[in-house]
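The values are calculated or read from the model by the stated rules, or taken from the named source; none is laboratory data. Everything quoted here is computed from the prediction, not taken from an experiment. Please note: Cβ atoms are built from the backbone with ideal geometry, for glycine as well, and neighbour counts cover all protein chains shown. To get the accessible areas, we keep the full protein, side chains included, count just its heavy atoms, and leave off ligands, DNA and RNA. Shrake-Rupley method; radii C 1.70, N 1.55, O 1.52, S 1.80 Å.
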Amino acid sequence: HMLCDALGRLSVRIDAGDESFTPRLCDGKLGVTDACGAERVAIRTSLATVLGLLDAHGTLLDAVARGALDIRGTADALDAAADAFATFLHGMVRAPSSPALLADLRRQVRSGDMQ
């Protein structure tokens, strides 16, 4: 519910690898839609960078500093996005589907699909 509340007030576009999407609150449930270009926060990175961050190989600031992660938006939107991201990670570590999703991401990165 906390993530839905955070994203209900914020529009974020995520470009990771070949995928571009926007997490959205639809009928009280979190889902994803195609990005429309009018989002308040835009995030662009590679799947390899996502995996590195999930494996704690550096911080978000490290990734931004080396140009592996590009985040754009107003200060208030970025602050709200950071809160939403932290909430997402706290939920992800508890989700039963997380190990399978992480294993799939590792396979994609190993296979060279690291855009």
Legend entry - Looking only at region 11-38, and only at residues there that are open to solvent by less than 80 Å² (accessible area, probe 1.4 Å) and charged (D, E, K, R), the one that is modelled with the lowest pLDDT: Arg24
Inset, instruction - May I ask you to list pairs of residues, at least six apart or on different chains, whose Cβ atoms are under 7 Å apart, with the first in region 73-90 being modelled with pLDDT of 85 or more and the second being of a type outside the set (Ser, Thr, Tyr) and open to solvent by 50 Å² or more (accessible area, probe 1.4 Å)? - result: Gly73/Arg40; Thr74/Arg40; Ala77/Arg40; Leu78/Ile71; Ala80/Arg9
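This table checks each residue for (1) among the polar types (S, T, N, Q); (2) open to solvent by 70 Å² or more (accessible area, probe 1.4 Å); (3) more than 22 Å from Ala6 (Cα to Cα); (4) in a loop (DSSP other than H, G, I, E, B).
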{"site": "Ala56", "(1), (2), (3), (4)": "no, yes, yes, yes"}
{"site": "Arg72", "(1), (2), (3), (4)": "no, yes, no, no"}
{"site": "Asp79", "(1), (2), (3), (4)": "no, yes, no, no"}
{"site": "Leu102", "(1), (2), (3), (4)": "no, no, yes, no"}
Inset, instruction - Determine which single condition Thr49 fails, assuming it passes every other condition in (1) in contact with a helix residue (DSSP H, G or I) (Cβ under 6 Å, 6 or more places away or on another chain); (2) assigned to a strand (DSSP E or B). - result: (2)
